[in-house]
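Below is one structure, written out as C-alpha cells, with a few remarks after it.
The values are calculated or read from the model by the stated rules, or taken from the named source; none is laboratory data. As the structure is a computational prediction, the values presented were derived from the model and not from experiment. All Cβ positions, glycine included, derive from the backbone under ideal geometry; neighbour counts span all protein chains shown. These accessible areas exclude ligands, DNA and RNA; they are computed on the full protein's heavy atoms, side chains included. Shrake-Rupley method; radii C 1.70, N 1.55, O 1.52, S 1.80 Å.
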Amino acid sequence: MKWRVMMEVTGEDGAVTQHVISEGERTGAGQAATLGLSLAESKATLTGLQRVLVAAQADAHCRRRRRCSHCGTSRPLKDHRSRRLVSLFGTVAVRAPRFGPCRCGVASRRSLTPVAEIMPDRCTPEYERVLAGMGSALPYRRARALLADLLPVDTAPEVETIRRRTLQVGARLERAALVPPDQTSPASAKAITLAIDGGHVRSVRTCQMRSFAVMIARASNDQSQEVVFSSMPAEADRQVRQLQHVLRGLGATASTPVTILSDGAGGPRSLGAAASIGPIHNVLDWFHLSIRIQHVAQAVQGWTAAVPAAAERTGPLADAVSRIRWRLWHSQSERALALIGDTLASLDAALEAADDRQARKVATLLRALETYVAGQAELIIDYAAARRRGEPISTATTESTVQRLLHRRMGANQQMRWSPRGAHQMLKVRTAMMNSTLASDHTAAEPYARRPFHRAA
C-alpha cells in the first residue's frame, strides 16, 4: 500500500498550487506495527504542512507590503535574505525580501523588511507559550526531553532556551498585569476575601542570604470566583497596583468590604490594606492560631508519654489547653490570656520544685502562645459565629497554594537555588497556569514582545 499527502493552497488572487507534503509505503499487512502513521511520519507530515503554509503566508504579506500605501506603486527590491521561524511544528526558513523606500518618499523613507514585522521574536507565540508552560511546570531538562518526544520539532530546544523563554514570558505577564482591567466586564461584588501568606525560596549564594520571602495571596468574591496572586516584594513592579487590579477584576469598588486574612505579620496586612479599594477588616487566621495551640497540646502529650508518672499533672494541663482553645475559638481573648497566666504560674511553681525538661518545654510554648495572643488580640474574632455564617476564617487554601506554587517547583528540599528576579518571573508564569489564564494573559502581553528593529546596514 502506498500513500501520499497533498496540500492545496489558494492565494488571494485565486491561484491554486499543490504541494506534496509526504508519502510512504506500507508492507507486512496484518501487523499492528504497520497500522496508521508512526510518530516520525506524523512529525514529518506536520513539518511539511507548516513549511508550505508559512512560506505562502510570508509571500502574501510581502506582496501586500511592497505596494506603497500612499501612491500605490511598488517599492524597489533591495535584496533577498533568509529568515528562520521556530514553531511547534519545526523550524521554517522563508525568503525575506527587503524593499527600499518608495520614490514618493511619503509613506516611509527607510528600508522595509515585511517578514520581520510578522516574526519579531523569530518564533510563534504558541511556541513560546508552550515552552514557558512546560518550563514552569517541570525542570528544564525534563521539559526538553518531553518536548523532544511529543512535539514534531526537528531539534529540541536547548535548556537555556527554555529557561530564557520562560523568564521572558514572566516579565511580559508582569507588564500586562499593570494595565487596569476593563471596568465594564466585572460585576460589583458584595464582599471580597483576601487571604495572604508567605513562603520562602532558597537564594543563590551571590545574594548573601539563605532565602527570601515571597507573597502569595488568594482573593475571592461572593460569587465564588477565585484568583491567585504571587509576588516577590523586592523585585515586583508596583505590586500594590497589580494586586489592586486583581481585586478590581473580582468586582471590588469603593464600597466593597474586604476581609484580610493573615497570620498577623505586618507585611501581608500592609500589602492587603494598600491594595484594597473599599473598607477593610483584618482577621487573624485561625489556621496559624490553632497551630500554636496544637504545639502546646503535643508537648503535653509528649510529656505524658515520656514520664508516665506525671499523668496526674499533665491531665489537668491538657484540659487547660482545651479550654484555651475553646475560649479563643469564641473570641474570649482576655479569658484565654488569664487561663494561660494561671497555667504558667502552676508550671513555674513545679519547675522551682523540680527542674523537668518536658515541663520547661511546655512552659516555653505557652509563653510564646501568650505573646502571640496578646499581640494579635484585636484581630481575633468569634470564629464559631463566623463559621456558622459561612464566612472564611482560615488561610488553609492559601497554604495549599504556597505548596503548589513554591514547593513543587522551587521547594527548599530540592537542590536548586534561585535569584530573586528569576523566582519572581517564574512565579508569574506558574500563577497564570494555576489561574488557567496563561493563554489569554500571554495574548494580552504579546504587544510587549514587539521591539524596534535594527536598521539594516
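For segment 1-30, taking the residues that are outside any strand (DSSP E or B) and open to solvent by 100 Å² or more (accessible area, probe 1.4 Å), the one that is nearest to residue 60 (Cα to Cα) is identified as 12. Scanning segment 238-261 for residues that are over 13 Å from residue 278 (Cα atoms) and open to solvent by 60 Å² or more (accessible area, probe 1.4 Å) returns 238, 241.
Being more than 39 Å from the chain's Cα centre (by Cα) and within 19 Å of residue 371 (Cβ to Cβ) is a property that holds for residue 321. Annotation: of all residues in segment 88-125 being in contact with a Lys or Arg (Cβ under 6 Å, 6 or more places away or on another chain) and assigned to a helix (DSSP H, G or I), the one that is nearest to residue 404 (Cα to Cα) is 115. Of all the residues in segment 126-147, those that are assigned to a helix (DSSP H, G or I) and either of a type in the set (Phe, Trp, Tyr) or open to solvent by 40 Å² or more (accessible area, probe 1.4 Å) (or both) number 12.
Scanning segment 227-241 for residues that are in a loop (DSSP other than H, G, I, E, B) and not basic (Lys, Arg) gives 232, 233, 234, 235, 236, 237. Residues in segment 266-281 that are over 23 Å from the mean Cα position of the chain (by Cα) and either closer than 12 Å to residue 191 by Cβ or open to solvent by less than 40 Å² (accessible area, probe 1.4 Å) (or both): 278, 279, 280, 281. Among all residues of segment 249-261, there is at least one that is over 18 Å from residue 402 (Cβ atoms), in contact (Cβ under 8 Å) with a residue 40 or more places away in the chain, among the hydroxyl-bearing types (Ser, Thr, Tyr) and part of a strand (DSSP E or B). Please determine, by comparing only the residues of segment 196-226 that are aliphatic (A, V, I, L, M) and either assigned to a strand (DSSP E or B) or in contact with a Leu (Cβ under 8 Å, 6 or more places away or on another chain) (or both), which one is surrounded by the fewest Cβ atoms within 10 Å (Cβ to Cβ). Filtering segment 196-226 for residues that are aliphatic (A, V, I, L, M) and either assigned to a strand (DSSP E or B) or in contact with a Leu (Cβ under 8 Å, 6 or more places away or on another chain) (or both), the one surrounded by the fewest Cβ atoms within 10 Å (Cβ to Cβ) comes out as 213.
Part of a loop (DSSP other than H, G, I, E, B) and surrounded by 12 or more Cβ atoms within 10 Å (Cβ to Cβ), is that true of residue 346? Considered against the rule, which asks whether it is part of a loop (DSSP other than H, G, I, E, B) and surrounded by 12 or more Cβ atoms within 10 Å (Cβ to Cβ), residue 346 comes out as no. Sub-9 Å Cβ pairs linking a first residue in segment 187-201 that is over 16 Å from residue 268 (Cα atoms) to a second residue that is of a type in the set (Lys, Arg) and assigned to a loop (DSSP other than H, G, I, E, B), at least 6 apart or interchain, are 201/417, ordered by first then second residue. When restricted to residues that are over 13 Å from residue 85 (Cβ atoms) and either in contact with a Gly (Cβ under 6 Å, 6 or more places away or on another chain) or surrounded by 12 or more Cβ atoms within 10 Å (Cβ to Cβ) (or both), segment 31-51 contains 11. For segment 89-122, the set of residues classified as surrounded by 18 or more Cβ atoms within 10 Å (Cβ to Cβ) and either at positive phi or not β-branched (Val, Ile, Thr) (or both) consists of 89, 90, 96, 97, 98, 99, 102, 112, 114, 119, listed by residue number.
Only one entry of 43, 2 meets the criterion of being under 25 Å from residue 122 (Cα atoms) and at pLDDT below 85, and that entry is 43.
For segment 52-68, which residues satisfy the criterion of being crowded, with 18+ Cβ neighbours inside 10 Å and either more than 13 Å from residue 94 (Cα to Cα) or of a type outside the set (A, V, I, L, M) (or both)? Of everything in segment 52-68, those that are crowded, with 18+ Cβ neighbours inside 10 Å and either more than 13 Å from residue 94 (Cα to Cα) or of a type outside the set (A, V, I, L, M) (or both) turn out to be 62, 65, 68. Looking across segment 74-88, the residues that are open to solvent by less than 70 Å² (accessible area, probe 1.4 Å) and not acidic (Asp, Glu) come down to 74, 75, 76, 83, 85, 86, 87, 88.
Sub-7 Å Cβ pairs linking a first residue in segment 41-52 that is touching a residue at least 60 places away in the same chain (Cβ under 8 Å) to a second residue that is surrounded by 19 or more Cβ atoms within 10 Å (Cβ to Cβ) and of a type in the set (Phe, Trp, Tyr), at least 6 apart or interchain, are 46/89; 47/89, ordered by first then second residue. Residues in segment 32-53: is at least one assigned to a loop (DSSP other than H, G, I, E, B), under 44 Å from the mean Cα position of the chain (by Cα), hydrophobic (A, V, I, L, M, F, W, C) and on the phi < 0 side of the Ramachandran plot? Yes, segment 32-53 contains at least one residue that is assigned to a loop (DSSP other than H, G, I, E, B), under 44 Å from the mean Cα position of the chain (by Cα), hydrophobic (A, V, I, L, M, F, W, C) and on the phi < 0 side of the Ramachandran plot.
Residue count for segment 372-411, restricted to those that are over 16 Å from the mean Cα position of the chain (by Cα), closer than 17 Å to residue 294 by Cβ and not in a loop (DSSP other than H, G, I, E, B): 4.
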